[in-house]
Amino acid sequence: MFNPYSKNIIDFFKLLYNVTNSPFSNNPSLFFTIRSFSNVSLDQSRSFTVSYLTNNLGFSPESALRASKCVHFKTPKKADAVIAFLEKYGFSDTQIRKIIEVRPHLLRSDLEKTLLPKIHFFQSKGGANRDISKLLLHNPRLFSHSLKKLIIPSFNQLSSFLQSDSKAIIALRRNPFLIPCNFDVYMLPNVKTLLDNGVPESSIRTMFNYHSRSFIMLPDRFKEIVKDVKEMGFNPLLLKFLHAVILFRKVSKSAMEGKFDVYKKWGWSDEEIWKAFRKFPGVLDPSKEKITAIMDFLVNEMGFESLIIANHPTIVSRSLEKLIVPRALFARELLSKGLIKDWRFSVMFGTSEKVFVQRFVNKYKDKAPELLKLYEEKLEFAVRGKYKSNRASCRT
């Protein structure tokens, strides 16, 4: 493509060559002339596209230059129309910039031929504007895919598997990259493997809605995972079987070994770790840092025996700041006030927030009206990390 400023650049390098090979090359004034000339040349060579991206979309000069290698335009007409279109569908300035950074070609798109038909298709399937916006924001490449050859066939296949368009929209909202997945190669064979091993189809659909990424992988490796889970004694008829499959799919062997090492530091044996895993596969899901923080608080701060956590492994899936710390500190206050004699680990950390408040806050509000305020204070302290070190007398 012809660059109207290329002659200026060529002249600049000719001047640079002549000056550096001149007997007067030590003359500082000549280099000031070169520097001045180069600045003018760079300003003149700045394309309309770069100017538009930086001035209208807030691109950095570097990102604008990268994008300008992919898209060129001399007038703002199409680009303005695309931006107005995205704004109409609720995209913020930041989101529009993010989309254009990924797919600069969109600024030259024909709205009637490429963008609108895709929006209308998802709307016809029950997608709200917020659903479509999220889908396109996280997977801007959808704008560039063929509607007839890729998007519609993929969506119909997903809808057929989940048995409704609305469930397909929900699945896409949770995982925008399901399109353009090749379901025939990377997903449906894995579903068949689960069915062949006795997993109910309804369970597969339920888990797919929340963990679709875990079902998409090379079929041979997926078969190995299912075989391992079955050999561990998990019942295919229970959702726990799929939880174990998903865990092995998500967590690499090295990461799993690292988490084993963390639990071993707190006195768990291999057998006790696997026992906890069979109770709750998610015991190996949190990061090593989160496992350490929870164990440290419950063992060193609250005085629990380490193996109590192994008997109640779901605790590691809870939020330390929002649930474990405030409830434990609040229970310690109840003990100190003599309102309770002891408390069970499973009840304290295994109930919903509504049940917890009814059972431990509202129940004693007549005897101690300040309890609700006290619990709210513990929540605030937990988030800020402002809890004191003490021991509590607790049992399972």
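Where a number appears in this text, it was derived from the coordinates with a stated rule and is not lab data. Since the structure is predicted, the reported quantities are computational estimates derived from the model, not experimental observations. As a convention, Cβ positions derive from the backbone with ideal geometry for all residues, glycine included, and neighbour counts pool all protein chains shown.
A few comments on the model shown:
- Whichever residue in region 224-257 is surrounded by fewer than 15 Cβ atoms within 10 Å (Cβ to Cβ) and among the small types (Gly, Ala, Ser) and, among such residues, is nearest to LEU284 (Cα to Cα): ALA255
- Looking across region 244-275, the residues that are among the acidic types (Asp, Glu) and out of contact with any Leu (no Cβ under 9 Å at 6 or more places or on another chain) come down to GLU257, ASP261, ASP270, GLU271.
- Condition check for SER214: among the small types (Gly, Ala, Ser) and surrounded by fewer than 16 Cβ atoms within 10 Å (Cβ to Cβ): no
- Unique match (being among the charged types (D, E, K, R), part of a helix (DSSP H, G or I) and either farther than 28 Å from PHE280 by Cβ or without any contact (Cβ under 8 Å) to a residue 12 or more places away in the chain (or both)) among ARG213, ARG221, ARG173: ARG221
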